[in-house]
Amino acid sequence: MENNINSSQNTAEKVNNSLSSSHTKKTKVKISKAEAIANFFKEKSSSIIFFLYNRFEIVKKEIDIIKDKSKNLLETNYKLGLKHLENGNIGDATFRFKFIKKFWPHHYDSHYQLAYCYFLQNRFARSKKILEDLINIDTNSKDKALQLIKRIEDKQVIRNN
């Protein structure tokens, strides 16, 4: 910092010398150490503000990109879950629907699909619990959920006989 202050003073003296040589009247303006320090910090603070502003803009753009990707993440995982279910990969489908249920709890179709995966795995208590919770939070899913609950109960009766 000492070198930068001395550099500012030297620059000020050079400017003063060139100004005084161009004027007929010789006037030497000396810059004090306090003014040199003030000029130094003024220059540095403006470059720091510029740097921080640029970093802020970069972070803002990255957040927007992440938001866009997370929208696709929901859709992609749901479609993958359905594809795994269609292909009989119940464990992979279960993983996808659990993932969606955790991070997008208002995506109620995933709740139903997860309950259906548990039904296919004969995990009836877990399936029924998810369906009962779904009925309480989403009235639009009620009929579909009640149909699967009926299938669970029918299957449990058959297994118990």
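Details
- In order through the range 136-148: 3J(HN,Hα) via Karplus (6.51 cos²θ - 1.76 cosθ + 1.60), integer Hz, x for Gly, Pro: 6, 9, 9, 5, 5, 8, 4, 4, 4, 5, 5, 4, 5
- Between the range 95-113 and the range 51-77, the Cα center-to-center distance that results, in Å: 23 Å
- With neighbours defined as other Cβ atoms within 10 Å of a residue's Cβ, the residues THR76, THR94, THR139 order from fewest to most as THR139, THR76, THR94.
- As a calculated quantity, the FRET efficiency between LYS142 and ASN87 at R0 = 30 Å, using C-beta atoms, amounts to about 0.55.
- Calculated P(r) tail over 25 Å for the range 32-160, as whole % of Cα pairs: 48 percent
None of the figures in this text is laboratory data; all of them are computed from the coordinates on show. What you see is a predicted model, and the numbers here were worked out from it, not measured in a lab. Here Cβ is always computed from backbone atoms with ideal geometry, including for glycine, and neighbour counts include all displayed protein chains.
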